[in-house]
1. For peptide A:265-278, compute the average count of partner chain beta-carbon atoms within 10 Å of each residue's beta-carbon.
2. Output the DSSP H helices from chain A with an along-axis C-alpha extent of no less than 30 Å and a mean Kyte-Doolittle hydropathy no less than -1.0.
3. Go ahead and run the numbers for FRET between A:ARG142 and A:GLU336, Cβ-Cβ distance against an R0 of 25 Å, rounding to 0.05.
4. In which sequence would A:VAL223, A:VAL32 go, from the one with the fewest C-beta neighbours within 10 Å to the one with the most?
5. What share of Cα pairs, in percent, lie more than 27 angstrom apart in chain A?
6. Roughly what would the spin-label model give for A:ASP322 and A:GLU215, points 7 Å off Cα along C-beta, in nm?
7. Hey, can you grab everything whose amide H is under 5 Å from the amide H of B:ALA34? Only 5+ residues off in sequence or another chain; H modelled, so Pro and N-termini drop out.
8. Can you give the FRET efficiency for B:GLN261 and A:GLU81, using 1/(1 + (r/R0)^6), R0 = 60 Å, r = Cβ-Cβ distance, to the nearest 0.05?
Amino acid sequence: MDETERGTGPERVGWLPSKRRLGASYLTGFGVVLVAFALGELVRQQATGFDGLVSAGAGVVLAGALLPMGPWLYASPLADEHVLTVSEAGALGLAIPTGLVLVAGLVAPMEPLVPQTGYLVSLMAAGTVVGSLVGALRALRREHDRRMDLFSRYRHLHRLVQHNIRDGMTMVMGTADLLADELDGASEDMVRSIRRQSRVIADLSESAGSLDALEERRTVDAVDVTTLVADLVEGLEEFNPDATIELHATDTDPVLTDDATVELAVWHLVDRALAADRAPTVEIAVEPTESGVVVRVTDDGPAPPAAALSAFADGDAEVVRDPAVVDAWLARWLVEEVGGSVTVDRRDGPKTTATITVPDGWDRWRGR
Amino acid sequence: MTMGRLVDVAGQVACDCLYAEDPVDARIRLDEAAVSIETDEEAVDISLASIFDVRLGPPPFAIEDVFGSTTATIAFEGDEDSDVVFVSGAESSVERFGQVLYRTILSDSEVAVKHPSSVGGRVTDVRYDIGTLRAGSRSVRFEGIDVPFALDVESVIDFSERRTTLLGEERTVLDLEYVRNGTVFGLDLAINPARKRHVLGRYLRLEYTDVLQSLQRVQLPDPARHLLVRLYARQGRSSLKSVQTGSPNATVELLRGLHRQDLVTPGEDGVQLTPKGWILVREQFDGDPGAASPAD
């Protein structure tokens with residue numbers, strides 16, 4: 001996680017340490033003091049019997065829980081001020097019960113005092129732990145809300161941009177169509193290339209919308225991948241009259257998975273192959289494997305750039321810059337949700353093969 | 001087009017100009033200048049220049065019993081007053097007579113066109129251009145303008161008239177929208193002489209009126225409606241994935257169903273609305289703001 005994402009401020013402001021450091025150190029420091037105090041009490045209570053040992057022992061355990069809390073907070077994704085708030089909540093958790101006990105002790109003095117010191121240490125440690133936990137939950141909640149706000153703003157902006165790109169590109173493509181009909185030769189070719197590129201942009205702006213599918217809950221059922229792919233191919237052929245789609249399907253046993261996710265992932269790969277060329281030949285093979293099914297989608301269109309392919313192989317989504325592999329990325333993200341994987345290779349001469357592996361959910365249950 | 005007789009049909013005619021109360025048998029001939037009607041007793045020439053409206057369709061209610069399913073109704077300026085002639089006969093010959101009459105009246109007219117006045121709902125800043133109209137078989141072509149173009153009458157999905165100042169003159173302009181590869185294009189059009197406006201309007205609406213009537217009976221299930229709305233929100237053309245509702249196979253199956261009903265068609269971008277599909281979404285979903293939000 002990088003520094004900006006964690007909301008980390010400067011380590012020191014003038015001579016003051018940062019809020020993050022201050023909050024984390026406070027909890028760790030307090031944990032150390034309480035552990036020492038509780039250990040001392042444990043030793044002292046050895047003579048006083050079972051009650052004393054239990055109370056001091058509980059104190060050691062509770063105070064011990066504070067020790068990792070400081071480093072955890074320091075490394076957590078929480079913003080600096082939230083880290084400080086957590087330690088403040090811990091302090092409040094310490095102060096309230098301890099204060100109440102002290103007041104009660106003053107109002108009605110109790111005898112004997114010796115075993116109660118063990119309880120007091122446990123109470124202080126418990127108060128701090130509970131306070132910090134409540135504080136941490138609240139801070140996480142606030143952080144979550146902030147991110148959800150940010151996410152929904154991104155989403156609105158994305159929809160706005162998507163909508164405008166789509167409408168703008170419709171105008172560009174429509175006007176290019178009109179011109180292309182009345183032109184010929186080089187001018188026509190130029191207009192057609194405007195047309196084609198506009199389509200790439202319009203499609204690209206739409207593809208991000210497919211991520212919505214990742215949010216949906218998955219239901220697992222026995223899925224016949226061969227039939228699923230065959231149905232999809234039959235429908236896609238009707239809407240891609242220029243393409244040749246060949247299906248080589250071996251009968252496969254049903255696998256336990258989410259059918260909608262697998263369908264969509266396969267669709268992305270077939271779409272990628274169909275978009276590779278003007279009149280592409282796409283071969284689709286469905287084969288059983290030891291632990292599920294593989295679907296191979298091969299096209300004879302121009303190769304995606306080598307850099308895009310190697311970035312895809314490395315799983316480096318940061319460098320997705322080529323529209324040619326966006327669909328493959330979407331397919332990968334989808335199928336990973338059901339434990340599958342996607343690879344894209346350029347091994348088979350002038351052909352590109354995208355392979356999607358769908359594991360059988362049963363095998364995961366059986367621990368294979 | 002060669003000079004001389006263009007169409008010669010036999011049929012029934014009803015017209016005040018024939019001084020007969022009931023429809024009578026007649027020969028109807030059309031040449032470049034006039035429609036000639038010849039009965040046993042009378043012969044009348046209607047100059048094409050006097051015709052201000054032609055309608056092709058079912059006969060008026062009053063003569064429904066006598067006339068067949070298709071009747072050509074021609075309105076023209078008579079000697080004293082405007083007059084109407086109804087021509088009926090074998091459906092194919094009346095249809096042909098009507099088509100040729102439209103083309104003869106409209107062809108070579110001077111037109112002022114603003115095209116495209118809008119593309120995919122976005123208004124352009126294109127200006128009016130003066131050119132010539134050529135009417136073909138169920139199509140019109142505009143020539144002599146910077147970017148000539150043609151449109152089929154079946155692609156027209158909206159039609160209205162509007163008064164506006166054009167080239168310094170108060171004119172009635174036809175505003176129409178037509179579909180090409182799924183995208184809606186706007187066209188503003190004025191014809192000279194102005195009396196041809198009705199004829200042109202009728203010709204361009206030949207298909208639109210029929211489709212509009214046939215769509216009254218179309219009832220679509222919700223998923224199909226959603227899919228059409230998504231396509232509508234994408235200005236009529238889209239990749240298949242972008243209009244997805246439900247699972248991919250369900251989407252593709254719905255699209256195939258809509259294709260069979262001629263509401264969508266495969267296109268360069270994946271799938272596109274047909275003119276019929278456009279008329280349907282406009283009729284059924286317009287004015288329902290929730291139905292076609294950009295978020296869809």
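Where a number appears in this text, it was derived from the coordinates with a stated rule and is not lab data. What you are looking at is a predicted structure, and each value in this text was computed from that prediction instead of being measured. Please note: Cβ atoms are built from the backbone with ideal geometry, for glycine as well, and neighbour counts cover all protein chains shown.
1. Details: counts 1, 1, 8, 2, 0, 1, 5, 0, 0, 3, 2, 0, 0, 1.
Counting Cβ atoms of other protein chains within 10 Å of each residue's Cβ and averaging gives 2.
2. Working: long enough: A:19-45 (38 Å, 0.67); A:50-75 (39 Å, 1.29); A:80-107 (41 Å, 1.30); A:114-182 (102 Å, -0.07); A:185-207 (33 Å, -0.57).
Once both thresholds are applied, what remains is A:19-45, A:50-75, A:80-107, A:114-182, A:185-207.
3. On the way: r = 30 Å, r/R0 = 1.20.
Result of the calculation: an efficiency of 0.25.
4. A:VAL32, A:VAL223
5. Numbers: 44620 of 67528 pairs.
The answer is 66 percent, as a whole percent.
6. Here the modelled spin labels are 3.1 nm apart.
7. Residues meeting the criterion, in which the H sits 1.01 Å from N, are B:LEU48.
8. Details: r = 60 Å, r/R0 = 1.01.
E(calc), rounded to 0.05, equals 0.50.
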